[in-house]
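Have a look at the structure below, then the notes.
The values are calculated or read from the model by the stated rules, or taken from the named source; none is laboratory data. The model shown is predicted, which means the values in this text are computed figures rather than measured ones. Here Cβ is always computed from backbone atoms with ideal geometry, including for glycine, and neighbour counts include all displayed protein chains. All accessible areas refer to the heavy atoms of the entire protein, side chains included, with ligands and DNA or RNA removed. Shrake-Rupley method; radii C 1.70, N 1.55, O 1.52, S 1.80 Å.
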Amino acid sequence: MYTILHSIAGYFYLLLTVRVLARRPGAQMTLFEFVIVFLMGGIIILATMGDDRSVTNSVCAVLTVGICHRLVSRLKTRFPAFGRVVDGTPVVLLKNGEWQTSVMNAVKVQDTDVMAAARSKGVKSLDGIKYAVLERNGAISIIKKKQ
């Protein structure tokens, strides 16, 4: 039972810690994938290196984290406000050619990050961008101006 309670606490602690950290552009994993990878890896390490090396303890911990993950996924679907807290919301970095500096400072994104994303979409200058949006997963979306 001790392992199950620690797994639940660890899941939510890690989920909130990762959520509080600023998003970085170019991230490929979703927040949930990130939490699962690190927490399950940590559980396996503790099961093999810790005092209790039982397979039962390790399986209980992994199953508990999996169940927490499923529960949070369902809560996000049922309660959109909960989903916004867990996953965040998209943030506008560039709007009609004007940098949103306060937003960019808050999420720790530089204009060079945005321009790198623009170049990958075939946009060579700032004049070709209508909007740049930092998505929930950390990717930067570029919306081109109509020519």
Would you please give the residues with an amide H less than 5 Å from that of Gln100, counting only those at least 5 places away or on a separate chain, with H modeled from the backbone geometry? Leu94, Lys95
Starting from the amide H of Ile129, placed 1.01 Å from N in the peptide plane, find each other amide H under 5 Å away whose residue is 5 or more places distant or on another chain. Lys145
Rounded to the nearest 10 Å², the accessible area of Ser141 at probe 1.4 Å: 40 Å²
Under 5 Å from the placed amide H of Ala139, counting only residues 5+ away or on other chains, we find Gly26, Ala27
Counting Lys +1, Arg +1, Asp -1, Glu -1, what net charge surrounds Tyr131 among other residues with beta carbon under 10 Å of its beta carbon? +4
What figure in square angstrom, to the nearest 10, would you give for the accessible area of Asp111 with a 1.4 Å probe? 80 Å²
With r as the distance between the Cβ atoms of Leu5 and Thr112 and R0 = 41 Å, compute the FRET efficiency 1/(1 + (r/R0)^6) and round to 0.05. 0.35
Could you state how much accessible area Thr77 has, in square angstrom rounded to the nearest 10, with a 1.4 Å probe and all protein chains kept in place? 120 Å²
Students sometimes get this wrong: rank Tyr131, Tyr2 by accessible area, probe 1.4 Å, all chains present, largest first. Tyr2, Tyr131
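Could you sort Lys130, Lys108 by their accessible area in this structure, using a 1.4 Å probe and putting the largest first?
Numbers: Lys130 85, Lys108 130 Å².
Listed by decreasing accessible area, they come as Lys108, Lys130.
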